[in-house]
Amino acid sequence: MKYKFGFAAALLAASFLSTAASAKTFVFCSEGSPEGFDPGLYTAGTTFDASAHPVYNRLLEFEPGTTKPVAALAESWTVSPDGKEYVFKLRKGVKFQTTDFFKPTRTLTADDVVFSIDRQINKNNPWNQYVPGTSWEYAAGMGFPELIKSVEKVDDLTVKFVLNRPEAPFLANLAMPFASIMSKEYADSLDKAGKKEQLNQMPVGTGPFTFIGYQQDAVIRYQKNADYWGKAPKIDDLVFAITTDAAVRYQKLKAGECHLMPYPNAADVKSMKSDSNLKVMEQEGLNVAYLAYNTTQAPFDKPEVRKALNKAINKKAIVDAVFQGMATPAKNPIPPTMWSYNDKVEDDTYDLDAAKKMLADAGVKDLSMKVWAMPVSRPYMLNARRAAEIIQDDFAKIGVKVEIVSYEWAEYLQRSKAKDRDGAAMLGWTGDNGDPDNFLDTLLGCDAVGGNNRAQWCNKEFDELVKKAKVTSDQAERTKLYEQAQVVFKREAPWATLDHSLSIVPMRKEVTGFVQSPLGDFTFENVDITE
Amino acid sequence: MFGFLLRRLAVLIPTFIGVSIIAFAFIRLLPGDPVALLSGERVMSPERHAQISAQLGLDRPMIVQYLDYLGGVLQGDFGSSIVSKTPILTQFMALFPATVELSFCAILIAVVIGIPAGVIAAIKRGSAIDQSMMGIALVGYSMPIFWWGLLLIILFSGILQWTPVSGRISLMYFFKPVTGFMLIDALLSGQKGAFSSAVSHLILPSIVLATIPLAVIARQTRSAMLEVLSEDYIRTARAKGLSPFRVVSLHALRNAMIPVITTIGLQIGVMLAGAILTETIFSWPGIGKWMVDSVFRRDYPVIQGGLLLIAGIIMVVNLIVDVLYGLINPRIRH
């Protein structure tokens with residue numbers, strides 16, 4: 001932070017001095033305010049970055065930079081041969097954070113794990129409705145209430161989950177932020193004091209940073225957790241400076257007011273890369289944008305019609321126009337960084353003549369259709385309207401007339417899942433747990449028709465493959481099944497797969513140790529600032 | 001004067017109820033569903049949707065919801081946010097001082113620069129000074145706030161590095177808010193440099209927020225002054241041999257102030273609306289940003305509670321302006 005002008009320099013001299021004198025403070029210019037601090041209640045990454053990652057831990061966590069679940073609060077685990085019983089041995093002596101508002105008297109036990117999970121799945125748990133309108137959206141979305149028969153304490157350091165059916169992605173699901181482990185002792189103390197809602201406002205966990213305070217919509221402060229069971233963080237203080245506008249975040253980064261920022265404007269990335277004070281990390285995001293045909297309506301019920309339309313979409317033009325190159329065209333419904341990605345699948349190459357011919361062969365003439373464009377910018381599709389216009393233009397060249405439609409976001413999500421929806425809907429998905437099941441079965445399985453399966457596509461062959469993979473615990477076996485499922489998907493073409501966007505993280509050059517997460521999380525326990 | 005005040009207060013009650021109905025009904029007329037938005041792209045089953053709607057009371061007839069809401073408001077309970085689950089009043093009280101601080105500084109800049117600028121332009125009517133001042137005022141009035149804010153940030157914070165980019169105070173200072181007003185809290189904290197840091201953070205957002213009101217006040221002052229300066233009593237004052245300064249400051253300005261005060265009062269409402277953009281660009285944690293976020297999330301209780309509280313404050317400000325108006329011009333009271 002350097003001010004050239006005398007007056008301003010004098011004005012801010014004191015802040016300089018305190019910068020120099022203070023311990024290592026890492027400032028993250030976050031993109032928005034957390035909705036709360038209880039990760040079980042929410043689904044937004046912004047909220048998890050401020051709660052689940054700094055303050056809490058989970059039984060398993062994703063190895064930094066990967067989507068591989070590894071031991072965290074659980075030291076080890078066993079799975080019964082039928083895949084329905086999971087027994088976790090907890091790490092001994094894990095301390096909860098000591099704060100101004102809570103002093104723990106005991107270390108982590110199975111009671112904390114049972115409390116953290118049971119409140120989300122059991123309607124009779126006194127914490128199931130601890131604030132009005134509590135909705136455990138992620139637990140419900142991942143099917144936990146139907147999947148988990150019981151979660152029980154075996155002894156102080158052993159906990160047992162009994163499932164209603166085998167579920168291969170279960171371990172990965174437990175590594176997700178919503179499954180963070182909270183302190184039951186803290187919850188009990190809040191209950192006694194009649195301040196249950198504080199659980200969502202002033203968090204206490206076992207994570208690398210202790211929550212200090214939150215000034216709404218402005219700043220969140222954390223301090224290194226001196227009692228952390230894992231490798232101690234290298235920074236002393238972690239500050240989230242909430243800065244909603246990407247252009248302003250960039251200015252703050254340039255001025256040295258923050259060390260790292262998420263979600264830059266695509267247009268700024270070039271100048272960021274040429275700034276000698278900054279460095280830019282990039283990685284393919286765990287996401288996909290797609291255009292889902294309604295496969296129950298003619299003529300989109302014919303795979304050859306869908307294939308023909310796919311051949312008329314210039315994905316490269318979409319990636320260039322919408323992302324300025326910060327994305328890659330997609331050929332599969334899962335991103336290339338995900339295990340079981342089938343690179344042998346051949347994409348429908350952009351070929352207008354071939355598309356025209358295929359349509360004529362299928363007996364389709366004078367086709368008019370609607371293309372739905374989301375009204376909001378999402379990480380997987382920054383400007384849906386622009387993408388829809390490119391598609392409209394291309395389709396016009398093969399004689400297909402396109403009307404672009406859009407609705408308010410909640411309305412869009414609601415209407416686009418209707419079975420009798422008219423037209424092809426653009427949407428996308430960001431992976432939750434790095435498991436292919438989270439894309440293939442969640443978005444394209446027969447159970448998801450009328451819900452997440454916007455193509456209303458129920459293909460027996462595909463569904464059997466993904467359902468089999470879901471209950472198979474051997475990863476090599478699962479990989480084969482998913483690879484096969486991707487071949488079926490490409491042949492049947494329920495979607496036009498559009499792009500996988502890149503995740504770009506600009507930071508000051510003095511930042512070291514930051515590991516980009518394929519899941520898009522921002523975690524700072526390994527970062528350091530070199531002078 | 002007391003009767004006048006009572007009459008004005010009596011008008012506030014139906015206005016307040018009217019605002020509460022509008023705030024309540026309009027947000028529900030917008031398409032969108034707060035419950036569906038909770039799950040985003042992840043689809044919520046119809047049963048679950050119904051269950052959460054029932055928990056939030058959104059499944060009841062609109063009139064029942066409204067009466068329940070109004071009953072709560074009369075007891076000081078504005079409800080809780082659907083998203084953050086915290087009471088509206090608590091959030092409002094935490095954020096409102098930031099907006100007041102910013103608006104106060106902005107209105108101060110607008111008045112201190114706008115009135116003299118308008119007076120000078122009126123006195124020098126038709127001159128190059130008049131034309132350039134009114135030209136600048138027109139540009140200021142038409143300025144797209146978001147673009148203007150970003151431009152100032154790039155110039156003063158990015159290139160010249162005179163001011164910080166955004167926020168209310170350097171992150172190095174950390175103290176518990178006492179009043180919520182950063183300038184006062186920084187002084188109370190006793191931390192060296194905290195106050196000057198708070199001032200430096202206030203400069204750019206205040207200028208940006210002041211831009212439009214400044215232009216309006218300058219133009220209004222000019223036209224009011226021109227009207228007054230052509231009155232007979234001004235000619236008489238001049239004929240009596242009073243100094244031009246006395247004529248303008250004592251005789252003309254006081255009379256010209258009546259429409260200007262009305263304009264300033266109206267600008268406070270404009271400022272709260274303008275603060276939405278200024279707060280967003282300068283990451284200023286005020287009620288404008290809070291309301292916008294809530295509209296996107298269809299957080300009904302926050303939008304209706306926030307609107308009602310803001311409307312209540314504007315009504316009180318207008319009442320104060322009316323009273324001031326009455327003090328300056330006693331004929332108004334009747």
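The values are calculated or read from the model by the stated rules, or taken from the named source; none is laboratory data. Bear in mind that the values here come from a model prediction, so they are computed numbers and not experimental data. Heads up, the Cβs are rebuilt from the backbone with ideal geometry, glycines too, and the neighbour counts pull from every protein chain shown.
Of the residues that make up region A:180-199, is at least one within 15 Å of A:THR523 (Cα to Cα), among the polar types (S, T, N, Q), in contact with a helix residue (DSSP H, G or I) (Cβ under 8 Å, 6 or more places away or on another chain) and more than 14 Å from chain B (Cβ to nearest Cβ)? Break it down into steps so the answer makes sense when it comes.
Taking region A:180-199 first, the residues within 15 Å of A:THR523 (Cα to Cα) are A:180.
If we keep only those that are among the polar types (S, T, N, Q) too, we end up with A:180.
Restricting the remaining residues to those that are in contact with a helix residue (DSSP H, G or I) (Cβ under 8 Å, 6 or more places away or on another chain) gives A:180.
Checking the rest, the ones that are also more than 14 Å from chain B (Cβ to nearest Cβ) come to A:180.
Checking region A:180-199: at least one residue is within 15 Å of A:THR523 (Cα to Cα), among the polar types (S, T, N, Q), in contact with a helix residue (DSSP H, G or I) (Cβ under 8 Å, 6 or more places away or on another chain) and more than 14 Å from chain B (Cβ to nearest Cβ).
For region B:1-29, which residues satisfy the criterion of being under 20 Å from B:ASP293 (Cα atoms) and exposed (fewer than 13 other Cβ atoms within 10 Å of the Cβ)?
B:ALA25, B:PHE26, B:LEU29
Have a look at B:VAL165, B:VAL208, B:VAL100, B:VAL139 and point out the one that is under 23 Å from the mean Cα position of the chain (by Cα) and within 10 Å of chain A (Cβ to nearest Cβ). I'd like the intermediate steps shown before the answer.
Working: B:VAL208 fails: within 10 Å of chain A (Cβ to nearest Cβ); B:VAL100 fails: within 10 Å of chain A (Cβ to nearest Cβ); B:VAL139 fails: within 10 Å of chain A (Cβ to nearest Cβ).
That would be B:VAL165, the only listed residue that is under 23 Å from the mean Cα position of the chain (by Cα) and within 10 Å of chain A (Cβ to nearest Cβ).
Which ones in region A:238-267 are within 11 Å of chain B (Cβ to nearest Cβ), of a type outside the set (Lys, Arg), over 25 Å from A:LEU519 (Cβ atoms) and not in a loop (DSSP other than H, G, I, E, B)?
Matches in region A:238-267: A:ALA247, A:VAL248, A:GLN251.
Within the set of pairs 6+ apart or on separate chains, which have a first residue in region A:430-454 that is β-branched (Val, Ile, Thr), a second that is modelled with pLDDT of 90 or more and part of a strand (DSSP E or B), and C-beta atoms under 8 Å apart?
A:THR430/A:ASN287; A:THR442/A:TRP429
Which of the residues spanning region A:387-407 are buried (at least 17 other Cβ atoms within 10 Å of the Cβ) and either in contact (Cβ under 8 Å) with a residue 60 or more places away in the chain or within 13 Å of chain B (Cβ to nearest Cβ) (or both)?
Result: A:ALA387, A:ILE390, A:ILE391, A:ASP394, A:PHE395, A:ILE398, A:VAL400, A:SER406, A:TYR407.
Restricting to region B:55-72, name every residue that is buried (at least 19 other Cβ atoms within 10 Å of the Cβ) and more than 12 Å from chain A (Cβ to nearest Cβ).
Scanning region B:55-72 gives a single hit, B:TYR69.
State yes or no: is A:GLY65 modelled with pLDDT under 95, touching a helix residue (DSSP H, G or I) at 6+ places or on another chain (Cβ under 8 Å) and more than 13 Å from chain B (Cβ to nearest Cβ)? Outline the logic, then answer.
On the way: modelled with pLDDT under 95: yes; touching a helix residue (DSSP H, G or I) at 6+ places or on another chain (Cβ under 8 Å): no; more than 13 Å from chain B (Cβ to nearest Cβ): yes.
So A:GLY65 does not fit the description; no.
Tell me, which residue of region A:105-126 that is of a type outside the set (Val, Ile, Thr) and more than 26 Å from the chain's Cα centre (by Cα) is farthest from B:GLN55 (Cα to Cα)?
Initially, region A:105-126 is screened for residues of a type outside the set (Val, Ile, Thr), giving A:106, A:108, A:110-112, A:115-116, A:118-120, A:122-126.
This time we only want the ones that are more than 26 Å from the chain's Cα centre (by Cα), so: A:106, A:108, A:110-111, A:123-126.
On the way: A:ARG106: 35, A:LEU108: 33, A:ALA110: 31, A:ASP111: 28, A:LYS123: 13, A:ASN124: 15, A:ASN125: 16, A:PRO126: 15 Å.
Filtering first and then ranking leaves A:ARG106.
What's the total number of residues in region B:224-281 that are farther than 30 Å from B:SER166 by Cα, assigned to a helix (DSSP H, G or I) and polar (S, T, N, Q)?
Narrowing region B:224-281 to residues farther than 30 Å from B:SER166 by Cα: B:224-262.
From the residues that got through so far, the ones that are assigned to a helix (DSSP H, G or I) too are B:224-229, B:232-239, B:244-262.
Now narrow it down to the ones that are polar (S, T, N, Q): B:236, B:249, B:255, B:262.
The total comes to 4.
Return the only residue of B:ARG238, B:ARG219 being among the basic types (Lys, Arg), modelled with pLDDT of 90 or more and in contact with a helix residue (DSSP H, G or I) (Cβ under 8 Å, 6 or more places away or on another chain).
Working: B:ARG238 fails: modelled with pLDDT of 90 or more.
Step by step, each of B:ARG238, B:ARG219 is checked, and only B:ARG219 is among the basic types (Lys, Arg), modelled with pLDDT of 90 or more and in contact with a helix residue (DSSP H, G or I) (Cβ under 8 Å, 6 or more places away or on another chain).
Quick check on this structure: which one of A:ASN459, A:ASN438 is buried (at least 23 other Cβ atoms within 10 Å of the Cβ) and either at pLDDT below 95 or not small (Gly, Ala, Ser) (or both)?
Within the list A:ASN459, A:ASN438, the selection yields A:ASN438.
Going through region B:250-299 one residue at a time, which ones are within 14 Å of chain A (Cβ to nearest Cβ), closer than 21 Å to B:GLY140 by Cβ and among the aliphatic types (A, V, I, L, M)? Steps first, please.
The initial filter retains those residues of region B:250-299 that are within 14 Å of chain A (Cβ to nearest Cβ), namely B:275-299.
Of the ones still in play, those that are also closer than 21 Å to B:GLY140 by Cβ are B:275-282, B:284, B:288.
B:ALA275, B:ILE276, B:LEU277, B:ILE281 - these are the residues of region B:250-299 that are within 14 Å of chain A (Cβ to nearest Cβ), closer than 21 Å to B:GLY140 by Cβ and among the aliphatic types (A, V, I, L, M).
Have a look at B:ARG60, B:ARG42, B:ARG48 and point out the one that is basic (Lys, Arg), free of Cβ contacts under 8 Å to residues at least 12 places away in the same chain and part of a helix (DSSP H, G or I).
Values: B:ARG60 fails: part of a helix (DSSP H, G or I); B:ARG42 fails: part of a helix (DSSP H, G or I).
Only one candidate qualifies: B:ARG48.
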